[in-house]
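All remarks here apply to the structure that follows.
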Amino acid sequence: MIMTEEEKIVDFATVRDLLMGAQERRKDLTYEQRAALFHAEWAASNNRNGYPTDATVFAELKDAIAELDAFEKYPELAAKLAELMPLSAIEVKAVMASRRASIDDGDINTVLELVRQHVGME
């Protein structure tokens, strides 16, 4: 599946960086942009899940997860898992259930292993 620029999936750290850049250039953001920046700053920090997110780690983890057969039809779920960085099987199953997609225990364990590797837990 090829995504257009409008459909490109980005992480909270990228959103934060883009909005901060816009704020520096324009000196002011709209109310909606300020709200999005506030949320992106929180979501990309270690206050959300115990470790900060990074755009490079997100992209590498998303690509690694997307290579699994279970995500061939669901690149958006690979991106969601890369952003959430789940550490339990139930979190992976919850994301997959949002699209009624099935995933076997082997792929769940692979996702969890990839997350631990990419966030530096191993």
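Counting only aspartates and glutamates at least 8 places from Lys8 when in the same chain, those with an alpha carbon closer than 12 Å to its own are Glu76. A quarter of the convex hull surface defined by the alpha-carbon atoms of region 59-100 gives 2.6 nm² as the mean projection.
Within the straight-line cut-off of under 14 Å between alpha carbons, the aspartates and glutamates reachable from Lys93 are Asp104, Asp105, Asp107, sequence neighbours fewer than 8 places apart in one chain being disregarded. Our helix-only sum for the chain, with -39,500 (n - 2.57) per DSSP H run of n ≥ 4 divided by its residues, gives a mean residue ellipticity at 222 nm of -19000 deg cm²/dmol.
Among the trypsin sites (Lys or Arg not before Pro) found in region 28-122, those both in a DSSP coil and sparsely packed, with 15 or fewer other Cβ atoms within 10 Å of their Cβ, are Lys73, Arg99, Arg100. Computed from backbone phi, the HN-Hα couplings of region 11-25 come to 9, 5, 5, 5, 4, 4, 5, 5, 5, 5, x, 5, 5, 5, 6 Hz, rounded to whole numbers (Karplus: 6.51 cos²θ - 1.76 cosθ + 1.60, θ = phi - 60°; Gly and Pro given as x). Considering only Val15, Val92, Val111, the Gaussian network model of the chain with Cα springs below 10 Å gives its largest mean-square fluctuation to Val15. Extents of region 8-49, taken as max minus min of Cα coordinates on every principal axis and listed largest first, are 31, 22, 15 Å. 3J(HN,Hα) couplings calculated from phi for region 75-86 with the Karplus curve 6.51 cos²θ - 1.76 cosθ + 1.60 (θ = phi - 60°) are, in sequence order, x, 5, 6, 4, 5, 4, 5, 5, 6, 6, 6, x Hz; Gly and Pro show x.
Could you compute the net charge surrounding Glu67? Neighbours are other residues with a C-beta less than 14 Å from the C-beta of Glu67; K and R count +1, D and E count -1.
Details: positive: Lys62, Lys73; negative: Glu60, Asp63, Asp69, Glu72, Asp107, Glu113.
Residues close to Glu67 contribute a combined charge of -4.
An ellipsoid equivalent to region 18-122, defined through the eigenvalues of its Cα gyration tensor, has semi-axes of 29, 15, 12 Å when rounded to whole angstrom and sorted largest first.
Read the figures in this text as sums done on the coordinates, not as results from a lab. Keep in mind the model is a prediction, meaning the values are calculated, not measured. Because the Cβ atoms are built from the backbone with ideal geometry, glycine has one as well, and the counts that use them run over all protein chains shown.
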